[in-house]
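The values are calculated or read from the model by the stated rules, or taken from the named source; none is laboratory data. Quick caveat: nothing in here was measured; it's all calculated off a predicted structure. Don't worry about glycine lacking a Cβ; one is built from the backbone with ideal geometry, like all the others, and counts go over all protein chains shown.
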Amino acid sequence: MRRMKSYSAQSGYVYLYFYEGHRAYSSRNDRGMEFAFSISSDRKTWRESSVLLSDEAIANWERAHGRALSLTERYAVAKIALFQAFDERAEPSQMDSEVRVRAADVEGIVETLGL
């Protein structure tokens, strides 16, 4: 069962979101895991938003720290990356483009989470 959650962004918007699930993704030069969310800033209009967590970004962190990130930890990284996008993107319409998590992002997010 889906649970609606909210996030008050630094952009001034309050976002509602549902986690829809995850799946593998692959593009020409990249592959990894896509975490899908349904989001709204007005309770009327809902849009799909994805957080792309590349295998390379995760592998870099795992090599540097000598352990694997669990699926739950990867979801936590994706969720914090989504929150950062909510904070940094000035308008909800900017959430139409996916959020890409880079290796440096993983390091900072995992440190913030205390993992």
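Overview of values
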read-out	value
So A81, is it on the phi < 0 side of the Ramachandran plot, modelled with pLDDT of 95 or more and small (G, A, S)	yes
Those residues of the stretch 35-54 which are within 14 Å of the chain's Cα centre (by Cα) and in contact (Cβ under 8 Å) with a residue 24 or more places away in the chain, in sequence order	F35, F37, I39, E48, S49, S50, V51, L52, L53, S54
Qualifying residue in the stretch 9-21 (condition: more than 19 Å from L113 (Cβ to Cβ), in contact (Cβ under 8 Å) with a residue 40 or more places away in the chain, of a type outside the set (K, R) and touching a Ser or Thr at 6+ places or on another chain (Cβ under 6 Å))	yes
